[in-house]
Amino acid sequence: MPRSNTGTATWQAIDARRHLHSFTDPKVIETQGSRIIVRGEGSHVWDSDGRKILDGMAGLWCVNIGYGRRELADAAHAQMTNLSYYNNHFQSATPQMIELADVLAGLTPDGIEQFAFANSGSEANDTVVRLARRYWQIKGQPAKRTIISRTMAYHGSTLAGSSLGGLSHMHAMDGGVLPDITHIEHPHWYVYGGELSREDFGLKAARALEARILELGAENVAAFIAEPVQGAGGVIDPPATYWPEIQRICQQYDVLLIADEVICGFGRTGQWFGSQTYDIAPDFMPMAKGLSSGYVPIAAIGLSRRVSETLGQGGLIAHGYTYSGHPVACAVALANIEIIKAEGLVERVRDDIGPYFTAKFDKLVAEHPLVGERRGVGLMASLQLVRDKTTRELCTMEDNAAIQVREFCYANGLIVRAVMQSIVLSPPLVITRDEVDELINILTRALDEAARKLGKL
Ligand code: PXG
């Protein structure tokens, strides 16, 4: 197709015929057409009709420094011109991967000593599964293979990633979950807490891990994997009691702890990593997205001292990808981290724009008849849509409120996600106060409209 052949209708027609989308029903593309995004700057993107849209999701939770930063383009250009590719297989390395590993060691919690590289969060989690099982083999306990995860978790879309995830529609897509992966309940107090206090429910949810370990036998359990705050499952931040209890259980039963930082990493929660926000000491820290602010694909996996020392004693690591530690991706990630540091974006989320954003959401919970709960921390947030605030009765799929809100927002220049009956937001960390006001304004109008349709306003 000639490149000059542009225009929304033409793109949509070719797209419908030639392109199988991710996480989309092809029939929707056929009947409604795709949304073609052509440009981005700061916290906004533009579509192929020239419409300016505030991106409340930072792409897919990843464009932490905002769109269109020249520094990253310059870093990629310089690296491609000097050394466009080399790998880390068979004893090789490039200065960029070495420097990035060293910089990451300075940002991650104490005890994270070494880094492996991959190209996506899914690949990072596949890598973790292989390395965790390898760890126990080297330790002489090859039966420790099972990975325990949680319902509503998202850990990727590869075979291991989708199995680690706890989303039933993903399991249904290809007929199930890989062997030696199992799920416990996730800690969503508002829905599952019943009469328990948030704190008591946090302990109960964590103790589901202990029960599952005892059921399987600790001698068969390799690791527990969890996002510090569940992201794609609807931004579910756990009660304060949850993580300390999980940590105790993992220690007591000698189960490796995997903190999936793919969304939480690089400032999203107001610290460099979610593990710092929740005082978690993981053995594996897969990270991606904000590592390059989505400018290029790259992922890394932080390894604790005991993991890196054990793997160091076990001979050949028979694992790796052609593009593990790609020098262009590493150079871009380094430039991205430079910007996050220079502009104090982590502190900005913690002390300034995060609290500003949260206060606006709290106001909606207090005042809006459709909003029952605010969840999240830093700049990842969600609003639970409810039929009844006092009984915590949720909106149903038939109410269709979340999708209505999402569609109203898009039609009025704002991208949000609808997850079950929640509205999810994860804007760029550079979003300004004026842009937060714009976001809240459109979102409030969308909520009003949905509430009117349900007869609640
Ligand atoms: N772990 C977590 C916690 C994630 O959020 C992945 C792993 C996989 O990363 P890759 O790079 O392989 O996509 C993710 C990705 C959504 C949505 O619907 C979320 C993600 C990806 C696509 C859609 O919110 N998260």
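The values are calculated or read from the model by the stated rules, or taken from the named source; none is laboratory data. None of the values given here were measured: they were computed from a predicted structure. Neighbour counts are summed over all protein chains in view; Cβ atoms, including those assigned to glycine, are modelled from backbone coordinates with ideal geometry. For the accessible areas, the whole protein counts, side chains as well, though only heavy atoms, and no ligand, DNA or RNA atoms are used. Shrake-Rupley method; radii C 1.70, N 1.55, O 1.52, S 1.80 Å.
Observations
- Failed item in (1) open to solvent by less than 40 Å² (accessible area, probe 1.4 Å); (2) more than 16 Å from the ligand (Cβ to nearest atom), with Arg350 passing the rest: (1)
- Looking across region 93-110, just one residue is touching a strand residue (DSSP E or B) at 6+ places or on another chain (Cβ under 7 Å) and not hydrophobic (A, V, I, L, M, F, W, C), and that is Thr108.
- Some residue of region 40-50 being within 16 Å of the ligand (Cβ to nearest atom) and open to solvent by 40 Å² or more (accessible area, probe 1.4 Å): no
- Exclusive hit being away from the ligand (no atom under 14 Å from the Cβ) and of a type in the set (Val, Ile, Thr), set Val296, Val307: Val307
- In the condition set (1) more than 16 Å from the ligand (Cβ to nearest atom); (2) in a loop (DSSP other than H, G, I, E, B); (3) open to solvent by 10 Å² or more (accessible area, probe 1.4 Å), Gln137 is compliant with all but (2).
- The residues listed here are Val235, Val296, Val262, Val307; of these, the one that is among the aliphatic types (A, V, I, L, M), on the phi > 0 side of the Ramachandran plot and in contact (Cβ under 8 Å) with a residue 40 or more places away in the chain is Val235.
- Of all the numbered requirements in (1) among the aromatic types (Phe, Trp, Tyr); (2) more than 16 Å from the ligand (Cβ to nearest atom); (3) loosely packed, with under 12 Cβ neighbours inside 10 Å, Phe23 misses one, and that requirement is (2).
Conditions tested, residue by residue: (1) farther than 30 Å from Val103 by Cα; (2) within 16 Å of the ligand (Cβ to nearest atom).
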{"position": "His169", "(1), (2)": "yes, yes"}
{"position": "Val191", "(1), (2)": "yes, no"}
{"position": "Glu215", "(1), (2)": "yes, no"}
{"position": "Arg248", "(1), (2)": "no, no"}
{"position": "Glu261", "(1), (2)": "no, yes"}
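- Of all the listed residues (Gly290, Gly270), the sole one being within 25 Å of Gly42 (Cβ to Cβ) and more than 14 Å from the ligand (Cβ to nearest atom) is Gly270.
- Only a single criterion out of (1) within 14 Å of the ligand (Cβ to nearest atom); (2) out of contact with any Gly (no Cβ under 6 Å at 6 or more places or on another chain) is not satisfied by Tyr410, namely (1).
- Which listed residue is out of contact with any His (no Cβ under 9 Å at 6 or more places or on another chain) and within 16 Å of the ligand (Cβ to nearest atom), from Ile440, Ile403: Ile403
- Between Ala153, Ala232, Ala208, Ala223, the distinction of being within 16 Å of the ligand (Cβ to nearest atom), surrounded by 15 or more Cβ atoms within 10 Å (Cβ to Cβ) and either among the polar types (S, T, N, Q) or not in a loop (DSSP other than H, G, I, E, B) (or both) belongs to Ala223 only.
- Residue-level analysis places Gln79 among those that are at pLDDT 95 or above, over 27 Å from Gly376 (Cα atoms), away from the ligand (no atom under 16 Å from the Cβ) and touching a Pro at 6+ places or on another chain (Cβ under 6 Å).
- Count of region 272-281 residues which are touching a Cys at 6+ places or on another chain (Cβ under 9 Å) and crowded, with 24+ Cβ neighbours inside 10 Å: 3
- Selection from region 58-72 of residues that are more than 11 Å from the chain's Cα centre (by Cα), over 11 Å from Glu41 (Cα atoms) and not in a helix (DSSP H, G or I): Asn64
- Condition met for Val262 (more than 12 Å from the chain's Cα centre (by Cα), crowded, with 23+ Cβ neighbours inside 10 Å and among the aliphatic types (A, V, I, L, M)): no
- Qualifying residues in region 413-452 (those that are in a strand (DSSP E or B) and in contact with a helix residue (DSSP H, G or I) (Cβ under 6 Å, 6 or more places away or on another chain)) - the one most open to solvent (accessible area, probe 1.4 Å): Ala418
- Within region 52-70, the residues that satisfy the criterion of being away from the ligand (no atom under 16 Å from the Cβ) and surrounded by 15 or more Cβ atoms within 10 Å (Cβ to Cβ) are Ile53, Leu54, Ile65, Gly66, Tyr67, Gly68, Arg69.
- Consider region 71-115 and keep the residues that are charged (D, E, K, R) and out of contact with any helix residue (DSSP H, G or I) (no Cβ under 8 Å at 6 or more places or on another chain). The one that is least open to solvent (accessible area, probe 1.4 Å) is Asp102.
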